[in-house]
Amino acid sequence: MTDAKAALRNELGASLPLVEDLDDSDATDLLELFQSAMREETAALHRAVDETINGLPRLFRGTARKIVFPGGR
């Protein structure tokens, strides 16, 4: 078991037999692609939420941000 395979299992949240069948290079590539996709999805979600909140009347924006992001961002 390599670090890339262990990290990939951790990222996926499950131990899939397919991960064990990958060679080290493929596991590393898949891990990097998965992490990149997750970062892009998170950024897109934050942009969408910001655009939605910015569409609210200014008076409600601060309260809406506190509700959507209770711990801040």
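Taken together, the values in this text are just the output of simple stated rules run on the coordinates, not laboratory data. These numbers come from a predicted model, not from an experiment. Here Cβ is always computed from backbone atoms with ideal geometry, including for glycine, and neighbour counts include all displayed protein chains.
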In order through segment 51-58: 3J(HN,Hα) via Karplus (6.51 cos²θ - 1.76 cosθ + 1.60), integer Hz, x for Gly, Pro: 5, 5, 5, 5, x, 7, x, 3
Among Val49, Gln35, Thr63 - extreme Cα towards positive end, dipole of segment 3-68, charges at beta-carbon: Thr63
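What number, in percent, do you get for the relative contact order of segment 3-68 if the mean sequence gap of Cα pairs under 8 Å and at least 6 apart is divided by its residue count? All intermediate terms of the calculation are to be shown ahead of the outcome.
Working: 24 pairs, mean separation 16.6, N = 66.
Once divided by the residue count of segment 3-68, the mean separation gives 25 percent.
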Isotropic mean projected area of the C-alpha convex hull, the chain (nm²): 6.0 nm²
Hz values of 3J(HN,Hα) by residue in segment 39-46 - Karplus curve (6.51, -1.76, 1.60), Gly and Pro given as x: 5, 5, 5, 5, 5, 5, 5, 5
